[in-house]
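The values are calculated or read from the model by the stated rules, or taken from the named source; none is laboratory data. Since the structure is predicted, the reported quantities are computational estimates derived from the model, not experimental observations. As a convention, Cβ positions derive from the backbone with ideal geometry for all residues, glycine included, and neighbour counts pool all protein chains shown.
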Amino acid sequence: MAPSSAFSGRKRPAIPPRRRPLIPTGQSHPVARAAKNPVAPIWVAYQAIVISNEEGAQIERLNYLLSNGCKEGLVDHLRDWPGVHCVRHLLDGEPLVGAWFDRTQEYWARQRHEPIAPRQFATEETVTLEPLPCWSHLSADAIRQRVADLVEGIEAKAAAKREETCRPALGAAAVCAQLRHHRPARPKKSPAPRFHAFTRRVRRELYQLYRNFVQAFREASEKLRGGDRNARFPIGSFPPGLPFVTAL
């Protein structure tokens, strides 16, 4: 269960301008000043998620998203997580509502020395989740039951690990008491995979498609630099100085 573009198996276009998470990185901005020893801009690692159409790969990614909070030993139950989590929406129907802050407009208002009210540039947004493609034929009750089975398995696995290591969960209150800008002593630095696939065969096919995409882009780029304004770039690419390619 994820936003419709997350499991499409195709690279999605850029976020529309109004939805771009624009956060100034200059130290004069209050958001930037709050960060202690920033390593990189907040959204520097943003990339599209590419997941194969295999049922196993889709369920595996959903299981991974659901397990956040429990698998790290932070809370006993997924519903205990104090932050944003999809489990309460998927099982209980709780709306996923949040605020989008237009930091660009806020920045220019500050430049004009205008008084700014709290949340003046905030817009309420509701995230709508769609069924996994492999579950799109199921009823809402059937999907809810499958999610409940995944949640039960995640919590049982986390409980077994806590018992084995004799380490209780940190708890929601302790999670909220953590310093928000604290960095772990040994952060995980392994790169995210380009693709999420359930079988080796499909993973190889996706890598081959990606190589074909890169080759087609390079050939079109060479033609464009040579003066051919009709050079055909592959769908899903951003030609230099030209619009995003949605169709050939």
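Restricting the stretch 204-248 to residues that are surrounded by 15 or more Cβ atoms within 10 Å (Cβ to Cβ) and in contact (Cβ under 8 Å) with a residue 60 or more places away in the chain leaves a set whose member that is farthest from residue 58 (Cα to Cα) is 236.
Among the residues examined, residue 156 does not qualify as in contact (Cβ under 8 Å) with a residue 40 or more places away in the chain and not assigned by TED's automatic domain parsing to the domain that holds residue 210.
Is the stretch 145-156 home to any residue that is in contact with a helix residue (DSSP H, G or I) (Cβ under 9 Å, 6 or more places away or on another chain) and modelled with pLDDT under 95? Within the stretch 145-156 (the criterion being in contact with a helix residue (DSSP H, G or I) (Cβ under 9 Å, 6 or more places away or on another chain) and modelled with pLDDT under 95), the answer is no, since none of the residues qualifies. For the residues 194, 162, the requirement of being touching a residue at least 12 places away in the same chain (Cβ under 8 Å) and in contact with a Gly (Cβ under 7 Å, 6 or more places away or on another chain) singles out 162. Checking each residue in the stretch 125-144 for being assigned to a helix (DSSP H, G or I), touching a helix residue (DSSP H, G or I) at 6+ places or on another chain (Cβ under 8 Å) and under 30 Å from residue 100 (Cβ atoms) picks out 133, 135, 143, 144. The set of residues from the stretch 174-191 being touching a residue at least 40 places away in the same chain (Cβ under 8 Å) and either outside any loop (DSSP other than H, G, I, E, B) or outside the structural domain of residue 68 (by TED's automatic domain parsing) (or both) comprises 175, 176. Restricting attention to the stretch 215-248, report how many residues are of a type in the set (A, V, I, L, M, F, W, C), under 22 Å from residue 50 (Cα atoms) and part of a loop (DSSP other than H, G, I, E, B). Summing the residues that are of a type in the set (A, V, I, L, M, F, W, C), under 22 Å from residue 50 (Cα atoms) and part of a loop (DSSP other than H, G, I, E, B) in the stretch 215-248 gives 7. Total residues in the stretch 75-121 satisfying the condition of being under 21 Å from the mean Cα position of the chain (by Cα) and either over 27 Å from residue 155 (Cβ atoms) or outside the structural domain of residue 176 (by TED's automatic domain parsing) (or both): the figure is 5.
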